[in-house]
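No value in this document is a laboratory result; all are computed from the given coordinates. Since the structure is predicted, the reported quantities are computational estimates derived from the model, not experimental observations. In this analysis, Cβ positions are derived from the backbone assuming ideal geometry, glycine residues included, and neighbour counts consider all displayed protein chains.
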Amino acid sequence: MERKIGIFILGFFLSFFYLFPLNAKDPYLNLRKKMVEEQIKERGIKSKPVLEALLEVPRHLFVPRGYISYAYGDRPLPIGYGQTISQPYIVALMTELLRIKEGDKVLEIGTGSGYQAAILAELTSKVFTIEIIEPLAREAQSRLKRLGYEKVKVKIGDGYYGWPEEAPFDGIIVTCASPYIPPPLLEQLKEGGRMCIPLGPPMGIQELVLVEKKGGKIFSRSILPVRFVPMRGEH
Ligand code: SAH
């Protein structure tokens, strides 16, 4: 009788681990795999390094505690101070559009949680990011350091003016919406470089725009309608 109970208990535990395989190192890996399959690949993102970056970065550690269980959902989430971390698909799309390779210098405007910066850091060791809200910048900086992304340079300031001391950049990614492309950012884009920016009024429909600098000329095309928090500052 006791042996039967023993076998029953053993069977119960074995089937439990079969149904819910625990990844001892990272219990969220399965959720990330599901996110990449269902939200990212399904919508046409093909770049292998981008897909790998999304599998690697622990998104649940970039959202406030109360939102951890929603971290891998198909939506943006609040990160405090009225700001948001973008939906995973939008992060993937903007990153893919930049076509970053190792060694490229990339500038992000709007550090927020630091999630997008961590994704960029999986692709190149030269990531620069600017955040206008000081506590968000400080939090993101220490989070990035803690998670091993210590090479990412975080600056507190108005990203409208870019980071002239580090220019030019191969890629610029703006994660807050502006009615027009800030001229300093265009200036700081390298010849052959790419910029991804949501353009439009703060509360209305914005368009995600891809900007390319070729032969000294600027080419831009709309990718899709989006909704980002507005670019702030006194510029
Ligand atoms: N990329 C972020 C999400 C950004 S939300 C992430 O991965 O979590 C947009 C961010 O842009 C907010 O944190 C906001 O404070 C910041 N922002 C708004 N205007 C800015 C400006 N002029 N310069 C720098 N950052 C700005």
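Taking segment 142-175 as the range and being in contact with a strand residue (DSSP E or B) (Cβ under 6 Å, 6 or more places away or on another chain), closer than 27 Å to G204 by Cβ and within 11 Å of the ligand (Cβ to nearest atom) as the test, the residues that pass are G157, G159, I173, V174. Grab the strands (runs of 3 or more DSSP E) fully contained in segment 147-235, keeping just those with 3 or more residues being surrounded by fewer than 14 Cβ atoms within 10 Å (Cβ to Cβ). Those strands (runs of 3 or more DSSP E) span 217-226.
If you take the residues of segment 92-106 that are assigned to a helix (DSSP H, G or I) and in contact with a strand residue (DSSP E or B) (Cβ under 8 Å, 6 or more places away or on another chain), which of them is nearest to V152 (Cα to Cα)? Applying the filter and picking the extreme gives T95.
Within segment 74-86, being within 15 Å of the ligand (Cβ to nearest atom) and touching a residue at least 24 places away in the same chain (Cβ under 8 Å) holds for I79, G80, Y81, G82, Q83, T84, I85, S86.
For first residues located in segment 162-185 and without any contact (Cβ under 8 Å) to a residue 60 or more places away in the chain, partners that are of a type in the set (A, V, I, L, M, F, W, C) and in a helix (DSSP H, G or I) and lie 6+ apart or on another chain with Cβ distances below 8 Å form the pairs G162/L185. Taking the conditions (1) among the aliphatic types (A, V, I, L, M); (2) farther than 20 Å from A140 by Cβ; (3) part of a helix (DSSP H, G or I) in turn, I45 satisfies each one other than (3). For segment 92-126, a residue qualifies if it is within 12 Å of the ligand (Cβ to nearest atom) and under 14 Å from D170 (Cβ atoms), and the qualifying residues are T95, L107, E108, L120. When you check S142 against the structure, is it among the hydroxyl-bearing types (S, T, Y), closer than 30 Å to G192 by Cα and either part of a helix (DSSP H, G or I) or under 14 Å from the mean Cα position of the chain (by Cα) (or both), yes or no? No, not satisfied.
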